[in-house]
Amino acid sequence: MNELFWFVMLLCNFALIMFSFRRWGKLGLFIWIPISVIVANIQVTKNVMLFGLEATLGNIVYATGFLATDILTEFYGKKESAKAVAIGFFSLLTMTVLMQVALFFEPASSDIAQPSLSVIFGLMPRIAFGSLVAYVISNLHDIWAFDFWKRKRPGRNTLWLRNNLSTFASQLIDTLVFTLIAFWGVYPTAVLIQIMLSTYLLKWVVAMLDTPFIYLARHWYENGKLPASPI
């Protein structure tokens, strides 16, 4: 059943990011970036079995961030993508700081949330640090790589190529950096390798399946179906 839920979540993420882009244009992508980063860093605390491998959640929503930056780079340029990455970085940092302060509050006798919050957000500093480092490195590489392939292979017919080449390499960087920082010493080596492998493979699948959506974004952009962005 996990595999079915995984595909349902995948479709939900694609539908939501495209709705956001169609409804608010460039602003919608700037909205989606912090959503994807924050949700992914909460979901990643949960381990599940997917396709026979132990995996963490959060891979889908995090991977859609690369789709958002690729769309921004393709239609609005590197500077706008870098701005979105900076917003995502600030959002994750802010959530981490505020939730760590929240854990210091003495709960009331009627409180039922503190133990659960402690379990989830008690892991957050290390996870957030790993995520911040991996996020910045991988997303800046993705922006650079997409722009590089756009200049080397411009045009509509090679959009799928630059989208996939930039994302595959960037997600490998992200997976290695994040997993080693966040989970080294937390899980046995065998489990860590499974998580690393499953994380990259699942992100790779998301990258392959997001190609039609970047073409849909191009169709909307070229045919004037997007609202004027206030930013």
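The values are calculated or read from the model by the stated rules, or taken from the named source; none is laboratory data. Everything numeric in this text was worked out from a predicted model, so none of it was measured. Cβ coordinates were reconstructed from backbone atoms using ideal geometry, including for glycine residues, and neighbour counts include every protein chain displayed. In case anyone asks, the SASA skips ligands and DNA or RNA and just uses the protein heavy atoms, side chains included. Shrake-Rupley method; radii C 1.70, N 1.55, O 1.52, S 1.80 Å.
Can you list the lysines whose alpha carbon is less than 17 Å from that of K79, not counting same-chain residues fewer than 8 positions off? Correct list for K79: K26, K150.
Rounded to the nearest 10 degrees, what's the angle between the helix 189-209 long axis and the longest principal axis of the chain, both from Cα atoms, 0 to 90? Taking Cα atoms only, the helix is inclined about 30 degrees.
What angle, in degrees between 0 and 90 and rounded to the nearest 10, separates the Cα long axis of helix 2-24 from the longest principal axis of the Cα atoms of the chain? Helix 2-24 and the main axis of the chain meet at about 50 degrees.
Its DSSP H runs of at least 4 residues, each contributing -39,500 (n - 2.57), put the calculated 222 nm mean residue ellipticity of the chain at -27000 deg cm²/dmol, to the nearest 500.
Stretching the chain fully between R22 and L209 yields a gain of 65.4 nm (0.36 nm per residue, less the alpha carbon separation). Going 7 Å from the Cα of F129 along its beta-carbon direction, which residues of the range 175-195 have the amide nitrogen within less than 12 Å of the resulting point? So the set is 181-184. Per residue, the range 24-89 exposes 31 Å² of accessible surface when a 1.4 Å probe is rolled over the protein heavy atoms with every protein chain present. In the chain, the portion of solvent-accessible area held by carbon and sulfur atoms comes to 73 percent [1.4 Å probe, whole percent, DNA, RNA and ligands not counted].
The charge dipole of the range 138-228, taken about its Cα centre with unit charges on the Cβ atoms of Lys, Arg (+1), Asp and Glu (-1) only, comes to about 420 debye.
When peptides 59-69, 22-32 are sorted by average Cβ neighbour count within 10 Å, with the highest value leading, the order is 59-69, 22-32.
Annotation: amide H of L50 within the under-5 Å range of A55, sequence separation 5 or more or interchain, hydrogens built in the peptide plane. So if we plug the beta-carbon distance of W144 and L216 into 1/(1 + (r/R0)^6) with R0 = 25 Å, what FRET efficiency do we get, rounded to 0.05? E between W144 and L216, to the nearest 0.05, is 0.55.
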